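To keep things clear, I will list the structure first and then write my remarks on it.
The values are calculated or read from the model by the stated rules, or taken from the named source; none is laboratory data. Quick caveat, the model's predicted, so the values are computed rather than measured. All Cβ positions, glycine included, derive from the backbone under ideal geometry; neighbour counts span all protein chains shown. Only protein heavy atoms, including side chains, enter the accessible area calculation; ligands, DNA and RNA are left aside. Shrake-Rupley method; radii C 1.70, N 1.55, O 1.52, S 1.80 Å.
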Amino acid sequence: MVAEYADILQIGSRNSENYSLLETAARSGRPVLLKRGMMATVADMLRSAQMVLDNGNPNVILCERGIRTFETATRNTFDVAAIALLKQISHLPVIADPSHAAGHRELVPALARIAVAAGADGLIVEVHPDPDKAWSDGEQSLDFDGFDEMMASLDPYLALRRQEIAARDRAVRLREAAGARVMEAVG
């Protein structure tokens with residue numbers, strides 16, 4: 001029923017390995033946003049994504065939202081290395097959820113910058129007009145002004161990403177002009 005109305009289906013951390021749900025979501029035809037499980041490895045996350053792909057849905061978005069570790073100072077441990085790794089080993093877009101990773105609104109802007117620097121294709125950030133009165137997750141939600149400040153702080157990181165993408169595009173065009181096939185470049 002949700003797929004009739006939603007533009008995208010989000011599979012939360014606790015359902016990231018619920019394979020019957022993943023199959024059903026895949027068959028809906030809607031893009032699937034797959035959040036990393038709280039204790040999932042990168043391989044676990046990719047297996048879940050493969051379940052969606054194998055059921056005929058190529059529109060999968062991976063989301064790093066932090067994992068449970070022994071650290072208790074933050075809600076979760078933000079695995080920024082997973083973002084960079086997933087960008088190298090997968091063709092799927094990777095986004096980050098610094099709100100769930102931090103659990104504290106003061107950390108969200110810094111983690112957002114780190115995510116962009118690591119190669120994240122997008123961010124999910126919790127925002128509320130009055131976070132202290134939010135029914136849930138208020139402690140990790142930014143207010144509107146805090147969100148605007150965070151977005152402004154991303155500008156230098158986004159400029160670097162644009163340069164990186166332009167350089168990669170130039171390299172691809174040069175390889176194509178030279179007649180090299182992509183797999184030949186890998187070896």
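Couple of notes before you dig in:
- Meets criteria (without any contact (Cβ under 8 Å) to a residue 60 or more places away in the chain, under 26 Å from Ala110 (Cβ atoms) and of a type in the set (Ser, Thr, Tyr)) for Thr77: yes
- Lone unmet requirement of (1) in contact with a Ser or Thr (Cβ under 7 Å, 6 or more places away or on another chain); (2) open to solvent by less than 70 Å² (accessible area, probe 1.4 Å); (3) without any contact (Cβ under 8 Å) to a residue 60 or more places away in the chain for Asn57: (1)
- Among (1) more than 16 Å from Leu154 (Cβ to Cβ); (2) at pLDDT 95 or above, the one test that Arg113 misses: (1)
- For region 68-96, filtered to residues that are more than 27 Å from Asp148 (Cα to Cα) and aliphatic (A, V, I, L, M), the residue that is most open to solvent (accessible area, probe 1.4 Å) is Ile89.
- Of the helices (runs of 4 or more DSSP H) lying entirely inside region 97-187, those carrying at least 1 residues that are out of contact with any helix residue (DSSP H, G or I) (no Cβ under 6 Å at 6 or more places or on another chain), charged (D, E, K, R) and open to solvent by 50 Å² or more (accessible area, probe 1.4 Å) are 144-153, 155-177, 182-186.
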